[in-house]
Amino acid sequence: MYTNNKEDSLNFAKYKVGNSFLELVEGDITMQDTDAIVNAANKRLAPGGGVAGAIHRAAGPKLWEECKTLGGCETGEAKITKGYNLKAKYVIHTVGPVYSGSPEDPVNLEKCYKNSLELASKNNIKTIAFPSISTGAFGYPIKEASEIAIKAIASYLKDHPEIEVVRMVLYGRSDWEVYKETADSILS
Ligand code: ADP
């Protein structure tokens, strides 16, 4: 079902889902060479800390100029911009739930993945990289978040072969190991 080998000495795993692939890599979202990268955005789509800060720094100030024209973004929704100085042609901005323990949290987190992937399909994006949405400043427990992420991505890929690769980019070895354990149990 999957291969597990080293790439650039960082962790890497790959799973076949339908005709597409789900990759788990340890790395930095801003460095990805996929058609699109996903931003773990805030509702204003503003630069800030974490993933959003890193993406805005790497893309350059034109990204914030474009984001200002979009009227913000609600939790669970997604919006698309150009990638400017990034390797990726597009950035898909999605706003994860701030973890509160309510039943809405998993619903909104699942919507982030689904709506981002739908936007990718509409824009002819074939390869897309996600960070672990909501598990930083927004406080979502990573094991629960990884189950929602992997299930949402796998369910989308089964019906949407136009997306060839979804790459989850995990920041650090321990986050990668959580996602790997989850993907092994759900997909193998
Ligand atoms: P949120 O506000 O949705 O929680 P954060 O940006 O605070 O978003 O964090 C989301 C996840 O992304 C966290 O697990 C964090 O460790 C990770 N992360 C932070 N910087 C990067 C980066 N440059 N590339 C990939 N993941 C990152």
| task | Please determine, by comparing only the residues of region 98-117 that are surrounded by fewer than 23 Cβ atoms within 10 Å (Cβ to Cβ) and in contact with a helix residue (DSSP H, G or I) (Cβ under 8 Å, 6 or more places away or on another chain), which one is nearest to TYR140 (Cα to Cα). | result | TYR99
| task | Answer yes if at least one residue in region 48-57 is among the basic types (Lys, Arg), in contact with a helix residue (DSSP H, G or I) (Cβ under 9 Å, 6 or more places away or on another chain) and either under 23 Å from ASN123 (Cα atoms) or at pLDDT below 95 (or both), and no otherwise. | result | no
| Among all residue pairs at least 6 apart or on different chains, which show Cβ distances below 7 Å where the first residue, located in region 66-91, is surrounded by 19 or more Cβ atoms within 10 Å (Cβ to Cβ) and the second is acidic (Asp, Glu)? | THR81/GLU66; ALA88/ASP35; TYR90/ASP35
| said: So LEU187 passes all but one of these: (1) more than 11 Å from the ligand (Cβ to nearest atom); (2) open to solvent by 40 Å² or more (accessible area, probe 1.4 Å). Which condition number does it fail? | reply: (2)
| What number of residues within region 123-146 satisfy the criterion of being more than 13 Å from MET168 (Cβ to Cβ) and either more than 9 Å from the ligand (Cβ to nearest atom) or open to solvent by 30 Å² or more (accessible area, probe 1.4 Å) (or both)? | 11
| message | Take the conditions assigned to a strand (DSSP E or B) and either within 14 Å of the ligand (Cβ to nearest atom) or within 13 Å of SER134 (Cα to Cα) (or both) and apply them to ILE92. Does it pass? | response | yes
| field | Matching residues in region 95-134 - criterion: being in contact (Cβ under 8 Å) with a residue 60 or more places away in the chain and either aliphatic (A, V, I, L, M) or part of a helix (DSSP H, G or I) (or both) | value | SER116, ALA120, ILE125, ILE128, ALA129, ILE133
| task | Determine which single condition HIS56 fails, assuming it passes every other condition in (1) assigned to a strand (DSSP E or B); (2) within 12 Å of the ligand (Cβ to nearest atom); (3) in contact with a Leu (Cβ under 6 Å, 6 or more places away or on another chain). | result | (1)
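The values are calculated or read from the model by the stated rules, or taken from the named source; none is laboratory data. What you see is a predicted model, and the numbers here were worked out from it, not measured in a lab. Please note: Cβ atoms are built from the backbone with ideal geometry, for glycine as well, and neighbour counts cover all protein chains shown. The accessibility values were calculated without ligands, DNA or RNA, using every heavy atom of the protein model including side chains. Shrake-Rupley method; radii C 1.70, N 1.55, O 1.52, S 1.80 Å.
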